[in-house]
Amino acid sequence: MTSNTGHCLCGAVAYAGKGERGQIHVCHCADCRRWTGGPFMGVQFSGGVEVSNPDAVNWFKSSEWASRGSCRACGTTLFYRLAGAPDNLIVTAGSLDDASEMGQIEEHIFIDSKPPYYDFKGDAPRVTGAEVFARFQASQDGES
C-alpha cells in the first residue's frame, strides 16, 4: 500500500496527505528553481494535508499569490500554497516517504522559463507562464 506521509530531512516536520494523491505537477519558473535547486515537483491530496508540527514550518511569502514552506531546523523545502487557498498545501514529491507509485507527470508549467540544461521525457502537457496566469485569472473571475 502506498503511503501518503512525508517529512523533512531532520524529522522536525512530518505530514500526512488525506484522500487521494494526485499526479506530479512540475514548475520550471525561476522562483521554483531557486527555491529547490531544480524544477519544483509538487503533489496535492484531495483531502488536504495534516502537518504534525506546524510551528516548525517557516512560511515565506514569495509573491503576491503564494507562499513556500520549509523546515525551520533543516531547511527542507516542503510546501507550496496559494494565498487564496492557504489550507490547500502542495507537497514536494521528494519529501514523500513512498513515491513508488507516483505514476506519470501530469503537467509542466512555466515551460517557457525552463533552462536548456535539463529536460523531461514523456508527453505531459507543457504550459507557458502566460497560460498559467490566464488560467489563474479565469479562476479568480469565477470561470472554469
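Residues in region 116-131 that are over 17 Å from ARG33 (Cα atoms) and not in a loop (DSSP other than H, G, I, E, B): ALA130, GLU131.
Residues that are touching a helix residue (DSSP H, G or I) at 6+ places or on another chain (Cβ under 9 Å), of a type outside the set (Phe, Trp, Tyr) and more than 21 Å from ALA16 (Cα to Cα) within region 51-74 comprise SER62, SER63, ALA66, listed in sequence order.
Scanning region 9-49 for residues that are touching a residue at least 60 places away in the same chain (Cβ under 8 Å), crowded, with 17+ Cβ neighbours inside 10 Å and more than 25 Å from PHE120 (Cα to Cα) yields ALA12, VAL13, TYR15, GLY17. Just to be sure before I move on: is SER139 surrounded by fewer than 19 Cβ atoms within 10 Å (Cβ to Cβ), among the hydroxyl-bearing types (Ser, Thr, Tyr) and not in a strand (DSSP E or B) in the structure I sent? So SER139 passes the test.
If you go through region 50-72 and keep only what is hydrophobic (A, V, I, L, M, F, W, C) and surrounded by 15 or more Cβ atoms within 10 Å (Cβ to Cβ), you end up with VAL51, ALA56, VAL57, ALA66, CYS71.
Taking the criterion of being under 13 Å from VAL91 (Cβ atoms) and aromatic (Phe, Trp, Tyr), the residues of region 22-45 that qualify are PHE40, PHE45.
Scanning region 71-94 for residues that are outside any strand (DSSP E or B), closer than 27 Å to PHE133 by Cβ and in contact with a strand residue (DSSP E or B) (Cβ under 9 Å, 6 or more places away or on another chain) yields ALA83, PRO86, ASP87, ASN88, LEU89, ALA93, GLY94.
No value in this document is a laboratory result; all are computed from the given coordinates. These numbers come from a predicted model, not from an experiment. Neighbour counts are summed over all protein chains in view; Cβ atoms, including those assigned to glycine, are modelled from backbone coordinates with ideal geometry.
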